[in-house]
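Below is one structure; the comments refer to it alone.
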Amino acid sequence: MLFHTIKSRRSIRRFKNQEVEKEKLDILLKSALLSPSSRAIRPWQFIAVTDLELLKQLSLCREPGPKFLADAPLAIVVIADRALSDVWVEDASIAAAFIQLTAQDLGLGSCWIQVRERFHTEQEKAEEFISKILEIPEQYSVECILAIGYPAEDKKPYKESELQYQKIHYNKF
Ligand SMILES: Cc1cc2nc3c(=O)[nH]c(=O)nc-3n(C[C@H](O)[C@H](O)[C@H](O)COP(=O)(O)O)c2cc1C
């Protein structure tokens with residue numbers, strides 16, 4: 001049940017030393033391609049990174065950095081052509097969320113690493129650093145990196161009784 005998957009998904013930052021199978025990677029990427037986008041423009045593109053040296057370099061994209069990425073077997077970098085759509089951020093975010101829920105459904109853990117609006121150094125944006133490493137053409141912005149792999153940490157699913165129900169409104173605020 002999708003709701004069970006949603007309740008069980010937690011950010012996973014420790015991964016087993018185990019590859020993500022090609023069949024599962026294909027499903028993750030197809031889920032991204034199936035995500036909705038404004039006017040069906042689909043401005044996003046996805047870079048699946050499995051090269052361990054590249055993963056190590058990407059883990060240095062921010063200071064303080066997402067060090068755990070160096071020990072993940074897989075990252076999916078979500079980028080978008082900002083000239084194609086004024087709402088590329090929303091489109092890219094939805095695709096990333098679809099990937100995270102699919103990962104959970106496949107028994108994988110994941111964690112979103114924020115890239116947009118973040119800095120590698122005071123002078124260099126995280127996305128400039130990443131674009132150099134992955135040879136991403138200039139017209140693309142980097143939204144986030146998803147670290148993905150088999151979980152090596154046990155996180156409890158959320159409890160329905162602890163949800164912030166005060167944030168729900170009916171009809172009027
Ligand atoms: C937009 C966004 C940006 C995030 N950025 C980071 C990040 O840069 N590094 C990180 O370790 N986790 C990041 N996270 C994961 C959040 O910290 C995490 O979702 C939150 O603490 C709730 O925990 P949960 O995912 O286990 O429910 C991000 C999540 C979102 C949605």
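Of note:
- Tally of residues being among the small types (G, A, S) and within 14 Å of the ligand (Cβ to nearest atom) across segment 104-117: 2
- Verdict on S131 being of a type in the set (G, A, S) and without any contact (Cβ under 8 Å) to a residue 24 or more places away in the chain: yes
- Number of the exception - K56 against (1) under 17 Å from I145 (Cα atoms); (2) in contact with a Phe, Trp or Tyr (Cβ under 9 Å, 6 or more places away or on another chain): (2)
- From the list V87, V20, V77, the one residue that fits, being more than 11 Å from the ligand (Cβ to nearest atom), within 22 Å of K125 (Cα to Cα) and open to solvent by less than 30 Å² (accessible area, probe 1.4 Å), is V77.
- Complete set of residues in segment 57-72 that are crowded, with 20+ Cβ neighbours inside 10 Å, under 15 Å from the mean Cα position of the chain (by Cα) and touching a residue at least 24 places away in the same chain (Cβ under 8 Å): L58, C61, P66, L69, A72
- Condition check for L101: away from the ligand (no atom under 13 Å from the Cβ), out of contact with any Cys (no Cβ under 8 Å at 6 or more places or on another chain) and open to solvent by 40 Å² or more (accessible area, probe 1.4 Å): no
- Within the option set I47, I6, being open to solvent by 30 Å² or more (accessible area, probe 1.4 Å), under 20 Å from F129 (Cβ atoms) and of a type in the set (V, I, T) holds for one residue only, I47.
- The set of residues in segment 111-159 being open to solvent by less than 30 Å² (accessible area, probe 1.4 Å), in a loop (DSSP other than H, G, I, E, B) and not aliphatic (A, V, I, L, M) consists of Y150 alone.
- Residue match in segment 74-85 (condition: assigned to a helix (DSSP H, G or I), of a type outside the set (A, V, I, L, M) and in contact with a Phe, Trp or Tyr (Cβ under 9 Å, 6 or more places away or on another chain)): no
- Odd one out for E63 among (1) modelled with pLDDT of 95 or more; (2) within 14 Å of the ligand (Cβ to nearest atom); (3) not in a helix (DSSP H, G or I): (1)
The values are calculated or read from the model by the stated rules, or taken from the named source; none is laboratory data. Only a predicted model underlies this, so the values are computations on that prediction, with no experimental measurement involved. Every residue, glycine among them, receives a Cβ derived from its backbone with ideal geometry; neighbour counts consider all protein chains shown. The area values use the complete protein model at the heavy-atom level, side chains included, leaving out ligands, DNA and RNA. Shrake-Rupley method; radii C 1.70, N 1.55, O 1.52, S 1.80 Å.
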